[in-house]
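Visitor: Input: one structure, supplied below.
The values are calculated or read from the model by the stated rules, or taken from the named source; none is laboratory data. Not measured: the values here are computed from a predicted model. Glycine gets a Cβ as well: all are built from the backbone with ideal geometry, and neighbour counts include every protein chain shown.
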């Protein structure tokens with residue numbers, strides 16, 4: 001089994017539908033980054049609604065965490081400074 005690696009990813013936080021037409025379809029907070037698009041989930045938080053992540057929608061943010069498929073499990077973050 002591969003060991004998880006902590007990554008830093010920077011991008012814009014958005015809220016959009018995920019899951020297509022499946023039973024798991026929902027609105028999710030996602031990170032749009034150069035490495036791809038990932039559903040954001042904070043470790044230990046509600047995966048369907050997290051007010052801390054919701055507050056980041058529309059911002060450019062640097063996250064630290066672990067990727068598992070299309071989910072980025074967030075350990076910490078900081079706002080990306082604006083130029």
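Visitor: Starting from the range 49-73, take each residue that is without any contact (Cβ under 8 Å) to a residue 40 or more places away in the chain and list its partners that are part of a loop (DSSP other than H, G, I, E, B), counting only C-beta distances under 6 angstrom and pairs at least six apart or across chains.
Guide: Cβ pairs passing all conditions: 73/43.
Visitor: Does the range 19-34 hold any residues that are modelled with pLDDT of 90 or more and out of contact with any helix residue (DSSP H, G or I) (no Cβ under 6 Å at 6 or more places or on another chain), and which are they?
Guide: Kept after step one, since they are modelled with pLDDT of 90 or more, are these residues of the range 19-34: 27-34.
Within the range 19-34, 27, 28, 30, 31, 32, 33, 34 qualify.
Visitor: Modelled with pLDDT of 95 or more and more than 16 Å from residue 18 (Cα to Cα): which single residue out of 56, 40 fits that description? Steps first, please.
Guide: Numbers: 40 fails: more than 16 Å from residue 18 (Cα to Cα).
The match here is 56.
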